[in-house]
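Accompanying notes for the structure given below.
A short reminder: the numbers here are calculations on the coordinates, not readings from a lab. Only a predicted model underlies this, so the values are computations on that prediction, with no experimental measurement involved. Glycine gets a Cβ as well: all are built from the backbone with ideal geometry, and neighbour counts include every protein chain shown.
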Amino acid sequence: MTAGEFIEKLSSFKDENEIDKVKKFFKGNDGITRHFGVRFGNVFTTAKEFSAMPLEEINELLNSEFYEVRMGAVSIMDFQAGNKKVSADKKKQLFDLYLIRHDRLNNWDFVDRGARNIIGEYLIDKPRDILYKLAESESPWERRTAIVSTHAFIRENEVEDTFAIAEILVHDSDELVNKAVGSWVREAGKKDPERHRSFLDRYVKTMPAATFSYAIEKLDPEMKKHYKDLRKG
């Protein structure tokens, strides 16, 4: 399974009528990224078909200027990282590749597609210092990886890192980081409502609007009104 074969297969789904629809999902500004016009459903099914691709070929895909090709690359990595039969050594290699090539994972959906399995799951039983380093990065995509990766911990009923990283990022200047912070504070809050309320109490008046909106989204109507009133007051 080679990068060239993957791109050839993906190219068979090109549709010029889909280009504008695909473009709207890409929020990066690298000035290089182009679009095939391939629906994401076809990207994911093709990635599944090529899920045994060697890492060196995945790395080649990450060099592509095409959005859908790089989405295919991170999807293959995600399939491999989520495979219970994959060795610990291979998971470490996937973890390293994600971080080394993060400059090519320069959109919110690349992060959301791969961070939980490739980064978070790998760190379940390991020190998590790298996430705090990413949270201080100049790259909004790396900062988004820091918070999204904690989804793996939340699934194990561990919320400490989610709230700690959320505190680092709570006043972030990038809206796509704001949305991620709000989303994962909300999800962590389902496991620990008291910690959720404490976070909201502390930052209700200062967090960006997007963070606030996502963070209170699943609260009951009375509690949601309470925090909206506090924010106005």
Please report, in debye to the nearest 20, how large the charge dipole of the stretch 1-138 is about its Cα centre when each Lys and Arg carries +1 at its beta carbon and each Asp and Glu carries -1 there.
-> 420 debye
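Return the loop-located GluC sites (Glu not before Pro) in the stretch 27-116 (DSSP other than H, G, I, E, B) with at most 16 other Cβ atoms within 10 Å of their own Cβ; answer none if there are none. Write out the running numbers ahead of the final one.
Numbers: sites: Glu49, Glu56, Glu57, Glu60, Glu65, Glu68; in loops: Glu65.
The qualifying sites are Glu65.
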If you place +1 on the Cβ of every Lys and Arg and -1 on the Cβ of every Asp and Glu, how big does the dipole about the Cα centre of the stretch 110-233 come out, in debye to the nearest 20?
-> 460 debye
Listed residue (Leu169, Ala209, Tyr227) projecting farthest to the positive dipole end of the stretch 127-233, Cβ model | Tyr227
Normalised by the number of residues in the chain, what is the relative contact order in percent for Cα pairs under 8 Å and 6+ residues apart?
-> 12 percent
How big is the charge dipole of the chain about its Cα centre, in debye rounded to the nearest 20, if each Lys and Arg gets +1 on its Cβ and each Asp and Glu gets -1 on its Cβ?
-> 720 debye
Over the chain, how many percent of alpha carbon pairs lie in each 10 Å bin up to the one with the longest distance?
-> 8, 31, 31, 21, 8, 1
If one takes the longest principal axis of the Cα atoms in the chain, at what angle in degrees, from 0 to 90 and to the nearest 10, does the Cα axis of helix 40-49 lie?
-> 60 degrees
Between the residues Asn42, Ser64, Ala52, the Cα farthest towards the positive end of the dipole of the stretch 26-83, that dipole coming from +1 and -1 charges on the beta-carbon of Lys, Arg, Asp and Glu, is from Asn42
Whole-Hz Karplus ³J(HN,Hα) for the stretch 167-179, in order, using 6.51 cos²θ - 1.76 cosθ + 1.60 and θ = phi - 60°, x for Gly and Pro?
-> 5, 5, 9, 4, 10, 4, 7, 9, 5, 6, 6, 3, 4
Name the long-range amide H neighbours of Arg34: under 5 Å, sequence gap of 5 or more, or other chain; modelled H, no Pro or chain starts.
-> Phe66, Tyr67
Measure nothing but the geometry: give the 0 to 90° angle between the long axis through the Cα atoms of 193-203 and the longest principal axis through the Cα atoms of the chain, rounded to 10°.
-> 80 degrees
Which peptide among 97-107, 191-201 comes first, and what is the full order, when sorted by highest mean count of other Cβ atoms within 10 Å?
-> 97-107, 191-201
Karplus-derived HN-Hα couplings along the stretch 206-223 (A = 6.51, B = -1.76, C = 1.60, θ = phi - 60°), whole Hz, x at Gly and Pro | 10, 5, x, 4, 5, 4, 4, 4, 6, 5, 9, 3, 9, 5, 5, x, 5, 5
Would you please name the trypsin sites (Lys or Arg not before Pro) within the stretch 16-63 that are DSSP coil residues with at most 13 other C-beta atoms within 10 Å of their C-beta?
-> Lys24
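Taking 31 Å as the cut-off for C-alpha to C-alpha distance, list the pairs among Lys84/Lys191; Lys21/Lys228; Lys91/Lys133; Lys24/Lys48 that go past it.
Numbers: Lys84/Lys191 25 Å; Lys21/Lys228 34 Å; Lys91/Lys133 20 Å; Lys24/Lys48 24 Å.
Too far apart for the 31 Å limit: Lys21/Lys228.
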Which whole-Hz couplings ³J(HN,Hα) result when phi for each residue of the stretch 76-89 is put into the Karplus expression 6.51 cos²θ - 1.76 cosθ + 1.60, θ = phi - 60°, listed in order with x for Gly and Pro?
-> 4, 4, 5, 4, 5, 5, x, 7, 5, 8, 6, 5, 4, 5
